[in-house]
Amino acid sequence: MAKARHEVLWFGTPPPPATEREFVQRNLHLLCCASADGVNTSKACAAVFQFGSDMPEDVVRTADAHVRTLIDSGLRVDLISDDDETMRCRRRRNQS
């Protein structure tokens, strides 16, 4: 039987307290990360990349560099943004 994975890797703007409480309610441990370098994915079930309206370039670079590896490690990957315009900007960057 596979071991349960209870960590969620969070990159970018830290989540608000209400979001953190929701993770706890679901028996998940939120691990805020500055970068994906050296992150142990063996205990993680997901990764979240939070793009603030200021689009911090380090989050963008981390997502670009590591999303495929995280998916290959069996993690669910979510890209979220503060607003729709930020996500549209992010999509345009990926297409160019």
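Quick notes on this one:
- Cβ-Cβ under 6 Å pairs, at least 6 apart or on other chains, the range 21-33 side without any contact (Cβ under 8 Å) to a residue 12 or more places away in the chain, far side in a strand (DSSP E or B) and of a type in the set (Ser, Thr, Tyr): none
- Checking each residue in the range 1-29 for being charged (D, E, K, R) and under 23 Å from Ser42 (Cβ atoms) picks out Lys3, Arg5, Glu7, Glu20, Arg26.
- Of the numbered criteria (1) under 21 Å from Pro17 (Cα atoms); (2) modelled with pLDDT under 85; (3) exposed (fewer than 14 other Cβ atoms within 10 Å of the Cβ), the one Asp58 fails is (1).
- For Val67: the one exception among (1) in contact with a strand residue (DSSP E or B) (Cβ under 7 Å, 6 or more places away or on another chain); (2) at pLDDT below 85: (2)
- Test for Asn27: is it at pLDDT 85 or above, at positive phi and open to solvent by 80 Å² or more (accessible area, probe 1.4 Å): yes
The values are calculated or read from the model by the stated rules, or taken from the named source; none is laboratory data. Predicted model only: the values in this text are computed from it and were never measured. Heads up, the Cβs are rebuilt from the backbone with ideal geometry, glycines too, and the neighbour counts pull from every protein chain shown. These accessible areas exclude ligands, DNA and RNA; they are computed on the full protein's heavy atoms, side chains included. Shrake-Rupley method; radii C 1.70, N 1.55, O 1.52, S 1.80 Å.
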